[in-house]
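First the structure, in the form of structure tokens, and then the observations on it.
The values are calculated or read from the model by the stated rules, or taken from the named source; none is laboratory data. The shown structure was predicted, so the numbers you read here are calculated from the model rather than taken from an experiment. So basically every Cβ, Gly included, is an ideal-geometry build from the backbone, and we count neighbours across all protein chains shown.
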Amino acid sequence: MSDTIRAELSAAAEALERYRLRVSGLVDTVGPDNEDLVSALYEAERALLGAQRLVARAGKMAR
């Protein structure tokens with residue numbers, strides 16, 4: 001496989017992790033009166049984690 005593909009997948013996985021951490025950090029700033037927002041943020045965090053894992057796995061397959 002191409003080194004470029006592995007590098008791109010690695011960069012994408014790292015970016016997804018950074019976005020997940022940003023979204024996760026927002027949960028702490030939301031007040032208790034915003035249960036729907038907190039729920040949506042947790043759902044987004046889980047989706048980003050899943051995407052990060054899938055991209056990382058694809059990177060391992062590209063070796």
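Odds and ends about this structure:
- Scan the range 21-38 for residues that are small (Gly, Ala, Ser) and either in contact with a Lys or Arg (Cβ under 8 Å, 6 or more places away or on another chain) or under 22 Å from GLY50 (Cβ atoms) (or both) and the total you get is 2.
- Out of LEU9, LEU26, one residue alone is in a helix (DSSP H, G or I) and touching a Gly at 6+ places or on another chain (Cβ under 8 Å). It is LEU9.
- Residues being aliphatic (A, V, I, L, M) and either in contact (Cβ under 8 Å) with a residue 12 or more places away in the chain or within 25 Å of SER10 (Cα to Cα) (or both) - total across the range 29-55: 8
- Positions within the range 29-48 being in a helix (DSSP H, G or I) and among the hydroxyl-bearing types (Ser, Thr, Tyr), in sequence order: SER39, TYR42
- Only one of the listed residues (ASP36, ASP3) is more than 26 Å from MET61 (Cα to Cα) and either at pLDDT below 95 or of a type in the set (D, E, K, R) (or both). That residue is ASP36.
- Within the range 1-28, residues that are aromatic (Phe, Trp, Tyr) sit with their Cβ atoms under 7 Å from residues that are in a helix (DSSP H, G or I) and surrounded by 12 or more Cβ atoms within 10 Å (Cβ to Cβ), at 6+ positions apart or across chains, in these pairs: TYR19/LEU48.
- Among the residues of the range 6-21, those that are among the aliphatic types (A, V, I, L, M) and within 14 Å of ARG57 (Cβ to Cβ) comprise LEU9, ALA12, ALA13, LEU16.
- Within the range 20-57, tally of residues that are under 30 Å from ASP3 (Cβ atoms) and surrounded by 15 or more Cβ atoms within 10 Å (Cβ to Cβ): 7
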